[in-house]
Every structure is written in C-alpha cells, then in structure tokens.
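Since the structure comes first, as structure tokens, the remarks are kept for the end.
The values are calculated or read from the model by the stated rules, or taken from the named source; none is laboratory data. These numbers come from a predicted model, not from an experiment. Heads up, the Cβs are rebuilt from the backbone with ideal geometry, glycines too, and the neighbour counts pull from every protein chain shown.
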Amino acid sequence: MAEIYLDNAATTPPSAPVIDAVHHALATAWGNPSSVHTKGLEAERVVTEARQRLAAALRARPDEIVFTSGGTEANALAVKGAARARAGRYRHIVTGMTEHPSVFNACEALEEEGFSVTYLPVDEAGRVSPEAVLDALRDDTGLVTLMWVNNETGALHPVADIAAAVKRARPDVWLHVDAVQALGKVPVRLDQVPVDLLTVSGHKIHGPKGIGALFVRSGVRVKPLFGAGTQEKGLRSGTENVPGIAGFGAALAETMTRMDQAAARMRALKELLWERISEAAPFALRNGPADPELTAPHILSVSFPGLKGEVLVHALAQRGVYVSTGSACSSRRRTGARVLKAMGLDDRRADGTLRLSLSAATTEEDVTEAAARIAAVAHELREFAVF
Ligand SMILES: Cc1ncc(COP(=O)(O)O)c(C=O)c1O
C-alpha cells in the first residue's frame with residue numbers, strides 16, 4: 001500500500017538539494033565561522049550566503065537576520081526579547097487566542113514577570129480583525145504579536161492591514177509576526193508590510209529541523225534570551241548551526257523560485273481533497289475559511305463530530321496515511337483544542353478534528369487516494385461511535 005504523507009504543517013521531508021547542502025557543509029565547511037583562519041572563513045561564507053538568500057526572500061537586509069534553533073526560539077526571542085527590552089515604558093502586549101504555543105506560552109511567562117497581556121478573540125473563520133487589534137491598544141502597549149497563517153486551520157490573518165492600522169495609530173508599537181506557516185506559501189514581503197520582527201523556520205519548507213531565523217528590523221532592539229557571545233550580533237550566542245543554515249539556504253533557493261506555482265497547485269489539490277472527503281463522508285465538516293483569500297494553500301482542517309481525532313490518526317497510519325490531530329506541536333498535551341474552541345467549535349467537533357496538510361510534493365493521486373482512505377476509516381469508526 002502506497003504511503004501518503006499529509007502532515008506537512010508538522011514538518012516536510014528534506015529535498016535532495018537540501019540533503020546535499022547539509023552534507024556538503026558537514027564535510028567541507030566544518031570550521032567555526034568565528035575562527036579567523038581559512039576553515040572559519042569557509043564556514044562563514046556558507047552562513048553569509050544563506051543569510052543573503054533569506055534576506056532577499058523576505059525583501060529585508062542581511063544584517064536584519066538572526067539565525068536561531070528554529071521557530072520556537074525565534075518566537076521566544078521576539079516576544080520575550082522585545083517585551084523585556086521595552087519594559088521601562090511599555091508593560092502591555094497584544095496577542096491572539098489562536099497563536100502557536102511558542103508565542104502563547106511566552107506571553108503567559110511574561111504575565112508572571114508582571115506584564116499584562118490581551119488575548120484577542122477570533123471570528124468563526126479563526127481570524128483576528130484589525131479593528132480588534134486597534135481597540136486593544138493601550139498607552140503602555142509596546143508589542144503586538146500575531147501569526148500570519150494558523151498552523152491548525154490554515155486561517156490567513158490580515159497581517160498587512162493589521163500592520164498598516166497599528167503603525168498609523170501608534171508608530172511606537174512594535175509588531176511581531178510568526179510567519180512559520182506562511183513562508184513559501186503566501187508572499188511575505190517586508191518592504192511592503194511594516195512589521196518589526198518576523199519568525200521563520202527551515203523544516204516547514206523542506207529544510208532541516210533545528211534551524212530558523214528572526215528578522216529584526218534595523219533600529220529595533222531586543223534583549224537576548226541567553227549568553228553574551230558575539231554571534232548573530234550578540235542576539236543569539238553559540239556557534240552557528242552551519243549545516244542547518246546551509247540546508248535552510250538551499251530550501252529557500254528552491255521554495256522561493258517556484259512559490260506562486262506551487263501555492264496554486266497546493267490550493268487546487270486541497271480543494272480536491274475536501275471535495276472528495278465531503279462526497280464520500282457527508283458528515284465531515286470543514287473548519288476555518290474556505291475562501292482562498294482567507295486561507296493558506298496547504299492546510300485543511302476537517303472534523304468528524306463524534307469520532308476521536310487520535311483514533312482516526314492511528315487508524316489512518318495503519319492504512320499508510322499520515323496526518324495529524326490539531327497541531328503536532330501541541331497534540332500530546334491536548335492544547336490543540338484551544339485554537340478550535342476559540343473559533344466556537346464545541347468539544348465533539350473539536351475532538352474529532354484532523355489536520356491535513358500538503359506540500360509542493362503532494363500529487364493528485366495522493367489526494368484522491370487519501371480522501372478515499374480517510375472516508376473509509378471514518379465510516380468504519382462511526383459504526384462503533386456513540387451518538
Ligand atoms: C505557526 C508556528 N510557529 C512556530 C512553530 C515552531 O517552529 P519550530 O518547529 O521550528 O520550532 C511552528 C511549528 O509547528 C508553527 O507551526
């Protein structure tokens with residue numbers, strides 16, 4: 001039975017050029033980028049090249065990129081680092097109810113440090129409105145932190161409108177955006193969107209795990225989370241993950257050149273996936289926005305009310321289909337329901353939710369075959385479910 005991987009929001013398989021770049025960096029650019037001799041310079045060159053590539057992809061400057069150990073660390077550095085850097089004058093943070101745990105938990109930790117945080121509600125499509133952000137601003141608001149694309153539902157937040165509205169009303173407020181699920185799927189252009197801090201991660205775009213970056217707009221100062229080293233302009237101490245950075249650079253080179261085409265293809269396949277599931281299992285419900293303007297191309301959230309998401313995931317894995325309940329990062333702690341409940345889903349619907357996520361490598365055959373297996377499993381499990 002052919003295996004079908006539809007869990008690309010959790011992680012994507014590394015592409016061949018990424019594997020080559022990581023291997024090449026490990027084998028030849030193994031020096032410490034801080035060393036002043038040839039070996040160091042070779043490693044530094046690899047880091048510089050990837051930094052330039054990421055800056056070009058984001059329409060930013062290379063000196064505005066800070067490499068981190070991934071999206072989680074970049075989010076923590078942005079949220080805690082910005083809040084702490086401005087603590088003298090600003091004590092209030094605005095965020096959303098459906099943020100990734102790495103932002104949500106950073107905000108909760110800041111509350112323990114004496115900051116106050118407003119958690120904005122979302123509409124039933126899972127989106128925060130610019131008006132709600134503006135209404136939440138206070139004189140002591142120093143940071144607004146919101147995600148671009150929700151990792152559980154694919155809901156696309158109106159980040160450009162929010163950024164423009166916030167900067168018009170309060171140019172002194174910094175805006176951080178978690179763009180981990182947006183990079184490579186929707187245009188992220190920092191010359192057009194006035195955000196101050198932005199998080200990206202390598203392994204969601206076929207790069208290696210354990211590598212990410214924070215964009216820090218020139219003039220914005222954040223406090224490092226640890227250490228007093230000189231790497232990454234003092235914002236992220238520790239010898240750089242050169243192979244990871246090389247792999248991230250290779251992933252960017254591939255992903256960014258074919259983004260528009262790949263996004264259109266993923267979107268069409270996602271719609272086909274939903275069409276086939278809803279035909280074969282009419283009791284399935286789609287969560288989040290269906291309007292292409294309001295949703296990312298790669299994530300489909302589907303509920304089978306009365307069934308258990310975990311049971312569906314395991315039954316599907318036995319049939320070679322790999323998907324997720326809610327979000328992979330939080331499903332073990334069952335905090336995924338926070339996001340779905342914030343959108344107004346009841347427990348029965350939230351508990352029976354699957355997240356199906358595509359990549360540029362997903363094929364039409366994958367999608368039609370996965371829909372057939374998903375519907376068959378849902379029918380089987382419904383026979384045992386208590387309604
Ligand atoms: C929206 C979002 N933010 C942050 C992260 C964390 O990124 P990383 O896995 O690189 O730590 C994830 C990972 O699932 C995510 O989906």
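For segment 17-48, the tally of residues that are surrounded by fewer than 19 Cβ atoms within 10 Å (Cβ to Cβ), farther than 30 Å from ASN150 by Cβ and either out of contact with any Pro (no Cβ under 7 Å at 6 or more places or on another chain) or of a type in the set (S, T, N, Q) (or both) stands at 18.
Just one of (1) within 30 Å of ALA372 (Cα to Cα); (2) assigned by TED's automatic domain parsing to the domain that holds ALA106 fails for GLU279. It is (2). A single member of ILE277, ILE299, ILE245 is over 30 Å from THR68 (Cα atoms) and aliphatic (A, V, I, L, M), and it is ILE277. Just so you know, in segment 11-47 the residues that are closer than 21 Å to HIS206 by Cβ and assigned to a loop (DSSP other than H, G, I, E, B) include one that is farthest from the chain's Cα centre (by Cα), and it is ALA29.
Which members of segment 276-313 meet the condition of being modelled with pLDDT of 95 or more, assigned to a helix (DSSP H, G or I), farther than 13 Å from GLY352 by Cα and not small (Gly, Ala, Ser)? Listed by number, the residues that qualify are ARG276, ILE277, GLU279. Listed by first and then second residue, the pairs linking a residue in segment 169-188 that is outside the structural domain of PRO130 (by TED's automatic domain parsing) and farther than 30 Å from SER357 by Cβ to a residue that is among the basic types (Lys, Arg) and assigned to a loop (DSSP other than H, G, I, E, B), with Cβ atoms under 7 Å apart and 6 or more places separating them unless they lie on different chains, form an empty list.
Residues are listed down the side, and each one gets a yes or a no for (1) within 20 Å of GLY184 (Cβ to Cβ); (2) away from the ligand (no atom under 16 Å from the Cβ):
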position: GLU275; (1), (2): no, yes
position: ASP291; (1), (2): no, yes
position: THR295; (1), (2): yes, no
position: SER303; (1), (2): no, yes
position: SER357; (1), (2): yes, no
position: ALA360; (1), (2): yes, yes
position: GLU369; (1), (2): no, yes
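Only residues that are within 16 Å of the ligand (Cβ to nearest atom) and crowded, with 20+ Cβ neighbours inside 10 Å were counted across segment 208-231, and they come to 6. LEU273: part of a helix (DSSP H, G or I) and touching a helix residue (DSSP H, G or I) at 6+ places or on another chain (Cβ under 9 Å), yes or no? Taking the combined requirement at face value, the residue satisfies it.
ALA2 meets each of the listed conditions (1) small (Gly, Ala, Ser); (2) within 24 Å of GLU240 (Cα to Cα); (3) touching a residue at least 40 places away in the same chain (Cβ under 8 Å) apart from (2).
Consider segment 189-207. How many of its residues are touching a residue at least 60 places away in the same chain (Cβ under 8 Å) and within 16 Å of the ligand (Cβ to nearest atom)? Of the residues in that region, 11 qualify.
Quick check: anything in segment 233-248 assigned to a helix (DSSP H, G or I), basic (Lys, Arg) and more than 28 Å from ALA56 (Cβ to Cβ)?
no
Quick one: how many residues across segment 87-105 are surrounded by 23 or more Cβ atoms within 10 Å (Cβ to Cβ) and away from the ligand (no atom under 11 Å from the Cβ)? The qualifying residues number 4.
Scoring VAL180 on the criteria (1) touching a Lys or Arg at 6+ places or on another chain (Cβ under 9 Å); (2) in a loop (DSSP other than H, G, I, E, B); (3) away from the ligand (no atom under 11 Å from the Cβ) leaves a single failure, condition (3). The listed residues are ALA82, ALA50, ALA74, and the only one of them that is touching a His at 6+ places or on another chain (Cβ under 8 Å), part of a helix (DSSP H, G or I), closer than 17 Å to GLU232 by Cβ and not hydroxyl-bearing (Ser, Thr, Tyr) turns out to be ALA82. When segment 8-43 is filtered for residues that are in contact (Cβ under 8 Å) with a residue 12 or more places away in the chain, more than 30 Å from MET266 (Cα to Cα) and not aromatic (Phe, Trp, Tyr), the ones remaining, listed by number, are HIS24, ALA25, LEU26, THR28, ALA29, GLY31, ASN32, PRO33, SER34, GLU42, ALA43. Return yes when ARG91 is closer than 18 Å to ALA163 by Cβ and at pLDDT 95 or above and no when it is not. Criteria not met by ARG91. Within segment 114-126, is even one residue at pLDDT 95 or above, in a helix (DSSP H, G or I) and surrounded by fewer than 21 Cβ atoms within 10 Å (Cβ to Cβ)? No, that holds for no residue. Answer yes or no: is there a residue in segment 67-82 that is away from the ligand (no atom under 11 Å from the Cβ) and polar (S, T, N, Q). No, there is no match, as no residue in segment 67-82 is away from the ligand (no atom under 11 Å from the Cβ) and polar (S, T, N, Q).
You will find that of PRO194, PRO187, the residue that is within 30 Å of ALA253 (Cα to Cα), touching an Asp or Glu at 6+ places or on another chain (Cβ under 9 Å) and surrounded by fewer than 18 Cβ atoms within 10 Å (Cβ to Cβ) is PRO187 and no other.
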